[in-house]
Amino acid sequence: MMENFMRLEFSGLSANESFARVAVAAFVSQLDPDLEELTEIKTVVSEAVTNAIIHGYEGQAGNVVVICRIEGQTVEIMIEDQGQGIADIEQARQPLFTSKPELERSGMGFTIMENFMDDIEIKSELGRGTTVRLVKTIRSAQVLGH
């Protein structure tokens, strides 16, 4: 089984969050996920990209990189920013923890990602940025065209 991958880089603007979500969904659709799996993937991409834009860059200019890999029935999604980084990853992973209490529905991003994905890894360095790695095996998959 050949590995497939794609890489996107775009400006860290809120307007690009839906673009990233749709692009990843289109790429993953070659695994023929069911609607629930596709919705979960779109949701976690939205959460991770939004985190990169809102928390990573805090309104400053910067790019977000999304890398997707498919191997067999498994999809790996990496979302990277070169923003300010996360001071305490364990604290950031706690449900309802937020550094932005003024924003609606804040504090659940990592919890949502953990619930929808098989594996999640967060690497961050203050002043250097954050990489969120999300892994999910598509259970309903029938690989198309092979």
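Name the residue that is farthest from residue 111 (Cα to Cα), counting only residues in region 8-29 that are among the aromatic types (Phe, Trp, Tyr) and in a helix (DSSP H, G or I). The qualifying residue farthest from residue 111 (Cα to Cα) is 27.
Kindly indicate the residue of region 15-59 that is among the polar types (S, T, N, Q) and either under 19 Å from residue 131 (Cβ atoms) or touching a residue at least 40 places away in the same chain (Cβ under 8 Å) (or both) and also surrounded by the most Cβ atoms within 10 Å (Cβ to Cβ) among those meeting that condition. If we take residues in region 15-59 being among the polar types (S, T, N, Q) and either under 19 Å from residue 131 (Cβ atoms) or touching a residue at least 40 places away in the same chain (Cβ under 8 Å) (or both), then 51 is surrounded by the most Cβ atoms within 10 Å (Cβ to Cβ).
Could you say whether any residue in region 30-39 is closer than 20 Å to residue 112 by Cα, charged (D, E, K, R) and assigned to a helix (DSSP H, G or I)? Checked against the condition, which is being closer than 20 Å to residue 112 by Cα, charged (D, E, K, R) and assigned to a helix (DSSP H, G or I), region 30-39 yields at least one hit. Residue selection: residue 5 satisfies the criterion of being modelled with pLDDT of 95 or more, open to solvent by 60 Å² or more (accessible area, probe 1.4 Å), assigned to a strand (DSSP E or B) and over 18 Å from residue 121 (Cα atoms). Within region 40-67, the residues that satisfy the criterion of being within 18 Å of residue 119 (Cβ to Cβ) and outside any helix (DSSP H, G or I) are 66, 67.
Restrict the check to region 99-108 and report whether at least one residue is modelled with pLDDT of 90 or more, more than 24 Å from residue 4 (Cα to Cα) and either basic (Lys, Arg) or open to solvent by 40 Å² or more (accessible area, probe 1.4 Å) (or both). No, region 99-108 has no match at all. Taking every residue in region 70-94 that is without any contact (Cβ under 8 Å) to a residue 24 or more places away in the chain and pairing it with any residue that is of a type in the set (Phe, Trp, Tyr), at least 6 positions away or on another chain, the pairs with Cβ-Cβ distances below 7 Å are 91/97.
Of the residues 54, 89, 112, the single one that is touching an Asp or Glu at 6+ places or on another chain (Cβ under 7 Å), of a type in the set (A, V, I, L, M) and modelled with pLDDT under 90 is 112.
The values are calculated or read from the model by the stated rules, or taken from the named source; none is laboratory data. Only a predicted model underlies this, so the values are computations on that prediction, with no experimental measurement involved. Neighbour counts run over all protein chains shown; Cβ positions are idealised from the backbone, glycine included. Surface accessibility is based on the protein's heavy atoms, side chains included, excluding ligands, DNA and RNA. Shrake-Rupley method; radii C 1.70, N 1.55, O 1.52, S 1.80 Å.
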